[in-house]
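Below is one structure, written out as structure tokens; the observations come after it.
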Amino acid sequence: MDKFKIIGPSKISGEVSISGSKNAALPILASTLLFDKPVVIENLPRVRDIDTMLNLLKSLGSKIQFSKNKKTVKIYKTKKYKYFGSYSILKTMRAGILILGPLVSKYHKSICSFPGGCVLNGNSGRPVNLHLNALKKMGMKYEIKKGYIHAKSNGKLKGATIKFPKISVGATEQLIMSAVLAEGRTLIKHAAIEPEIKDLTNFLKSAGANIKWIGKRTCQIIGVNSLNQTTYSVMGDRIETGTFCVAATLAKGNLIIKNFNPKIIQTELNLLKKVGAKIKIFQSKIHIKGPQKIKNINNITTKEYNGFPTDLQPQFMVLLCKANGASSITENIFQGRFIHVMELQRLGAKIKIKNNTAIIEGNSNLSGTEVMSSDLRASAALVLAGIAAKGETIVSRIYHLDRGYEKIENKLKKIGVKIKRISL
Ligand code: UD1
């Protein structure tokens, strides 16, 4: 298992280029199951979750042809198609469940394992009830046997009006994909509107899908018979962008972040301005300068888009450890998403948890030690803490980080961070 060795505190300056969005690419790749014709996807991030999704597609019978830099793939369908999403692949990644709707929509059957992924929700696990209930309304029948969802439909799925009781990114994506080839009109109310979902609908529209956003959280899909050949470039990763913005702010840095549309992270940029960062935005880049003193902020709460994203909560927590007073962050999306706190405390952070709120004391003198990653975004937070901490920080179990950040150590090295991957 690889580790990172980081010597801090680091100075940060220069330019960094943002990779394609993992969370946009995953549903886009799953939706290639709906096509008969080849599809070309560009700007794929080379991260482990993408490999997992490509392996899943291969196991189902798709042929994957990579470009030289492996960031573009052409995906073909073979005639012999399988409908089985195996536990051995799905156990590592929650987004694997996104093959269920497309398989049932296209082939009217699927046997799909319950997914795995980051453990973020305490005892509640990572449920898929919203996915299953909504697909049921479209005519999917299913049974659960030995950890597998055995699903089928009597011919095409049927358009339906579905109002989600709770906003869910994955369930919204599942339904959009399932409705594209369904019979008639599907109306999804109380839908998630994350930029990655808009990227999915733009991709499907580029192939002839009939999708329209009506009002803020309602999406209308009118089924079409088939999708056309298309080439699509995945949007930039807003969580990677946010992580580098935090790194620059934390390290009194001077950083240009390229290949990303800053307009979609206004909430995060406004918070960074509040803590004192100087930010200039351009069409596809951000110039950020960290302050000499970081100001504290109270009452940050994680929310669905366009609120503050839960996927940047651990990284912002590290930033607030260095603020000049107490701050608080309330986690509203995933109950268990404070596992990183214990590891940050090992580095000297003073954080107290009260229900779903973290009180961060600020003015912490972080000093390097050994810490362990517990999930994808927690690992990013530990790397940031290592950048701010004095001395040597060893971050173990970075396979979590490799799921979602493309060669982060190379990008960080280029902008001045003393970081080394230790492969055992
Ligand atoms: C996606 C993102 C993840 C991000 C999360 C919230 C991907 C691959 N992952 O995850 O990085 O942290 O959105 O922005 O895009 N829920 C249910 N029943 C369900 C589904 C979800 O109760 O059937 C709950 C979840 O437990 C959670 C909340 O709804 O408390 C939001 O989850 P959801 O938006 O579905 O997250 P994911 O799509 O899994």
Odd one out for Thr186 among (1) more than 20 Å from Thr310 (Cα to Cα); (2) in a loop (DSSP other than H, G, I, E, B): (2)
Qualifying residue in region 296-305 (condition: modelled with pLDDT under 95 and out of contact with any Asp or Glu (no Cβ under 8 Å at 6 or more places or on another chain)): yes
Residue in region 189-196 that is over 28 Å from Glu268 (Cβ atoms) and either open to solvent by less than 60 Å² (accessible area, probe 1.4 Å) or near the ligand (Cβ under 10 Å from one of its atoms) (or both) present: no
Whichever residue in region 68-103 is hydrophobic (A, V, I, L, M, F, W, C) and within 16 Å of the ligand (Cβ to nearest atom) and, among such residues, is surrounded by the fewest Cβ atoms within 10 Å (Cβ to Cβ): Ile89
Test result for Asn202, closer than 16 Å to Phe35 by Cβ and either of a type in the set (Asp, Glu) or assigned to a loop (DSSP other than H, G, I, E, B) (or both): no
Ile162 being farther than 14 Å from Cys112 by Cα and in a strand (DSSP E or B): yes
Subset of region 35-61 [under 25 Å from Ser19 (Cα atoms) and either touching a Cys at 6+ places or on another chain (Cβ under 7 Å) or open to solvent by 10 Å² or more (accessible area, probe 1.4 Å) (or both)]: Pro38, Val40, Glu42, Asn43, Arg46, Arg48, Asp51, Thr52, Asn55, Lys58
Which numbered condition Phe164 fails, given (1) within 21 Å of Thr32 (Cβ to Cβ); (2) aromatic (Phe, Trp, Tyr); (3) within 11 Å of the ligand (Cβ to nearest atom): (1)
Qualifying positions in region 112-142 - modelled with pLDDT of 95 or more, open to solvent by 60 Å² or more (accessible area, probe 1.4 Å) and away from the ligand (no atom under 11 Å from the Cβ): Lys136, Lys137, Lys141, Tyr142
Number of positions in region 5-29 that are more than 16 Å from the ligand (Cβ to nearest atom), within 21 Å of Asp51 (Cβ to Cβ) and in contact with a Gly (Cβ under 7 Å, 6 or more places away or on another chain): 1
Search result, residues across region 222-235 that are under 24 Å from the mean Cα position of the chain (by Cα) and either hydrophobic (A, V, I, L, M, F, W, C) or over 19 Å from Ala24 (Cα atoms) (or both): Val234, Met235
Qualifying positions in region 135-153 - more than 30 Å from Phe338 (Cα to Cα) and either touching a helix residue (DSSP H, G or I) at 6+ places or on another chain (Cβ under 8 Å) or not in a strand (DSSP E or B) (or both): Leu135, Lys136, Lys137, Met138, Gly139, Met140, Tyr142, Lys146, Ile149, Ala151, Lys152, Ser153
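The values are calculated or read from the model by the stated rules, or taken from the named source; none is laboratory data. Remember, it's a predicted structure, so these values are computed and weren't measured experimentally. Cβ atoms come from the backbone with ideal geometry, glycine included; neighbour counts cover every protein chain shown. Protein only, heavy atoms only, side chains kept; ligands, DNA and RNA dropped before computing areas. Shrake-Rupley method; radii C 1.70, N 1.55, O 1.52, S 1.80 Å.
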